[in-house]
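Report on the structure given below.
Readers should treat all values here as calculations from the given coordinates under stated rules, not as data from a laboratory. On a predicted model such as this, the values are computed, not experimentally measured, just so you know. With ideal geometry, Cβ positions are generated from the backbone for all residues, glycine too; neighbour counts draw on all protein chains shown.
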């Protein structure tokens with residue numbers, strides 16, 4: 001094909017994926033997938049293309065808002081929610097990270113209204129190479145949420161986003177197939193005993209709380225004494241994520257660990273941490289999630305988990321490739337297998353049981369401990385008994401922890 005002479009205006013062509021482009025002086029310039037927008041954009045940008053501009057901006061009256069506009073408006077809305085306390089810092093950080101990635105992979109000057117099924121399918125392929133499983137599904141859901149928000153209620157887009165059938169997450173069958181492929185996740189009783197024996201205090205008590213009460217790392221690290229009724233041997237609190245009630249009967253090992261941690265807790269580095277049960281040797285929380293502002297007034301998230309770091313050292317040494325979250329999954333696995341009291345299991349997990357029933361049940365958000373205490377005790381006790389049985393120990397005589405273990409305050413945070 002003969003080379004076009006300088007100044008010759010090439011014809012607008014359409015790729016198989018639906019995008020319109022031209023080839024000028026050996027390089028390609030694209031104009032989105034909307035034919036009308038592409039022709040007007042090309043006509044407007046032709047002088048700039050002749051001057052060598054690789055990514056000419058569309059005319060404002062034709063193209064509307066770009067991907068950059070959409071993402072900046074969306075993040076500004078999230079910053080406002082963050083300032084009002086309606087959004088957790090860690091959630092903002094996840095949204096910000098995704099917006100940065102979309103900015104880079106969609107192109108900041110691409111017209112948001114010009115994105116079609118072909119572009120979203122291409123983006124889906126890129127997402128698959130970066131994320132897998134639930135992480136992939138959540139990013140796809142968030143991306144859809146951002147651009148749907150841009151159309152309504154933000155009115156940044158002239159028409160609803162056209163994602164097509166190629167931009168969707170994994171189906172339930174694919175999720176199950178991945179779980180089958182990954183194999184067994186939960187530890188058994190013998191492995192839990194080994195793990196607990198290798199953990200120094202207060203990490204051991206944190207691990208016990210994760211397994212005994214089905215807590216995430218931050219939930220365990222944020223506990224205060226007001227969250228416990230030690231006389232009744234119960235954890236009674238609310239999940240920060242959902243504000244749903246949770247209740248758990250504390251194993252003897254967990255109660256012993258809590259009393260031990262009370263005696264060896266370091267002095268807090270800040271008055272803000274006075275009521276925390278668990279502090280690192282530097283007096284900071286084991287999981288820190290703090291929001292500050294940089295010099296330009298933009299949110300700056302500090303997120304540091306000494307729990308994860310210390311637990312990883314132990315699991316690597318024991319060749320048990322598991323995380324703190326697997327403790328919560330372990331409780332759910334055993335309780336679902338052994339107990340028929342599903343509402344009590346849900347109360348320990350902090351899961352919703354019946355959303356409509358919650359509206360009419362006056363005790364739904366404040367479950368009476370005299371009724372629910374014995375039920376959650378049965379569930380927690382049966383899980384403990386099974387773990388001890390698998391470890392070859394007696395539930396009546398033995399403990400999941402070894403007696404007389406040295407107390408070492410773990411947790412080397414940044415100070």
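General remarks:
- With the simple model of a label 7 Å out from the Cα in the direction of the Cβ, residue 260 to residue 188 spans 2.6 nm.
- Based on C-alpha pairs under 8 angstrom that are at least 6 apart in sequence, the stretch 253-412 has a relative contact order of 22 percent.
- Percent of Cα-Cα distances greater than 17 Å, calculated over the stretch 62-147: 49
- Rounded to 10°, Cα long-axis angle of helix 67-83 versus longest principal axis of the chain: 30
- Of 192, 95, 42, the one that fluctuates the most in a GNM where the chain has Cα springs shorter than 10 Å: 42
- Diffusion coefficient of the stretch 270-330 by Stokes-Einstein, Kirkwood radius over Cα pairs, 4 °C, 1.567 mPa s: 93 µm²/s.
- Of all the options 349, 127, 247, the one that moves most in a Gaussian network model of the chain with Cα springs shorter than 10 angstrom is 127.
- Computed FRET value (nearest 0.05) for residue 231 with residue 141, which takes r as the C-beta separation and R₀ as 41 Å: 0.40
- Two-site FRET efficiency, residue 43 against residue 293, from Cβ-Cβ distance with R₀ of 51 Å, rounded to 0.05: 0.70
- Degrees between helix 252-264 axis and first principal axis of the chain (Cα, 0 to 90, nearest 10): 80
- Stretching the chain fully between residue 397 and residue 309 yields a gain of 28.4 nm (0.36 nm per residue, less the alpha carbon separation).
- For the stretch 354-387 versus the stretch 166-216, the spacing of their alpha-carbon centroids is 23 Å.
- Residues in the stretch 145-175 reached by a label modelled at residue 94 [backbone nitrogen below 15 Å; 7 Å Cα→Cβ]: 145-146
- Helical content alone sets the calculated 222 nm signal of the chain at -15000 deg cm²/dmol, taking -39,500 (n - 2.57) per DSSP H segment of four or more residues and averaging over every residue.
- Pairs of alpha carbons in the stretch 129-285 whose separation is greater than 19 Å (percent): 68
- Among 37, 383, 345, residue whose mean-square fluctuation peaks in a GNM of the chain (springs only between Cα atoms under 10 Å): 37
- Modelled this way, with points 7 Å down the Cα-to-C-beta line, the labels at residue 176 and residue 360 are 3.3 nm from one another.
- Note on residue 15 and residue 50: their simple-model spin labels are 2.6 nm apart, each label 7 Å out from Cα toward Cβ.
- Percent of Cα-Cα distances greater than 34 Å, calculated over the chain: 47
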